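Computed from the coordinates by the stated procedures, all read-outs in this text should not be read as laboratory data. Every value quoted in this text rests on a predicted model; they were computed, and no experiment measured them. Here Cβ is always computed from backbone atoms with ideal geometry, including for glycine, and neighbour counts include all displayed protein chains.
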Amino acid sequence: MAERKAAVERNTLETQITAAVNLDGTGVAKLDTGIPFLEHMLDQIARHGLIDLEIEAKGDLHIDDHHTVEDIGITLGQAFAQAVGDKKGIMRYGHAYCPLDEALSRVVIDFSGRPGITFNVEFTRASVGGFDVDLFMEFFQGFVNHAAVTLHVDNLRGDNTHHQAETIFKAFGRAMRMALAEDARMAGVTPSTKGVL
């Protein structure tokens with residue numbers, strides 16, 4: 001399989017973001033976003049997905065975190081789309097259940113070429129670590145739209161908001177790892193009856 005790396009830069013009047021990914025990495029994350037709790041979650045993607053991530057973001061955090069979080073999702077989605085390329089030889093589908101104490105989440109992903117998200121999460125608090133948990137949906141929506149994946153996120157149970165969020169991001173990383181894995185029996189083959197994704 002060819003080297004699966006990409007770097008993307010996105011500049012708007014609200015944010016300036018660079019994102020680099022190595023889909024065949026070792027789980028190293030270099031993050032500088034100005035949003036500590038989001039960085040903690042992004043680190044879960046890297047470590048559990050064995051994906052190297054480098055993200056640098058400057059945004060209008062004096063207003064709130066919304067634009068920066070959404071644009072990180074967009075930029076990361078673009079980087080993933082570039083890095084995965086034509087999708088030949090990948091597993092395509094990935095799923096994972098991840099627990100953390102009382103919390104349990106399930107994430108299922110399909111590198112389908114069709115953006116779609118179902119996000120069934122009822123956080124027990126409105127914020128954690130100073131972070132507005134509503135913005136997690138904005139992050140995933142941005143990612144899905146630009147990576148062109150179908151994503152189902154379900155928090156099955158949890159009382160602690162930090163645990164709920166962390167299980168989601170751990171499961172997301174694990175599901176990505178499965179979906180992006182090379183399938184030796186599908187080498188050079190697009191995993192679709194259509195012949196294209």
Cβ pairs under 6 Å, 6+ apart, first in segment 158-183 and over 12 Å from His95 (Cβ atoms), second outside any helix (DSSP H, G or I) and among the basic types (Lys, Arg): Thr161/Arg125
Which listed residue is of a type in the set (S, T, N, Q) and either on the phi > 0 side of the Ramachandran plot or touching a Leu at 6+ places or on another chain (Cβ under 8 Å) (or both), from Asn120, Asn155, Asn145: Asn155
Any strands (runs of 3 or more DSSP E) falling wholly within segment 1-82 and containing at least 1 residues that are in contact with a His (Cβ under 6 Å, 6 or more places away or on another chain): 15-22, 52-59
Filtered residue count, segment 10-53, keeping only those that are on the phi < 0 side of the Ramachandran plot and free of Cβ contacts under 8 Å to residues at least 40 places away in the same chain: 15
Check on Thr190, over 24 Å from Leu104 (Cα atoms) and touching a residue at least 12 places away in the same chain (Cβ under 8 Å): yes
Residue check, Ala147 closer than 13 Å to Met41 by Cα and surrounded by 23 or more Cβ atoms within 10 Å (Cβ to Cβ): no
Checklist (1) within 21 Å of Arg4 (Cα to Cα); (2) free of Cβ contacts under 8 Å to residues at least 12 places away in the same chain applied to Phe111, failing item: (2)
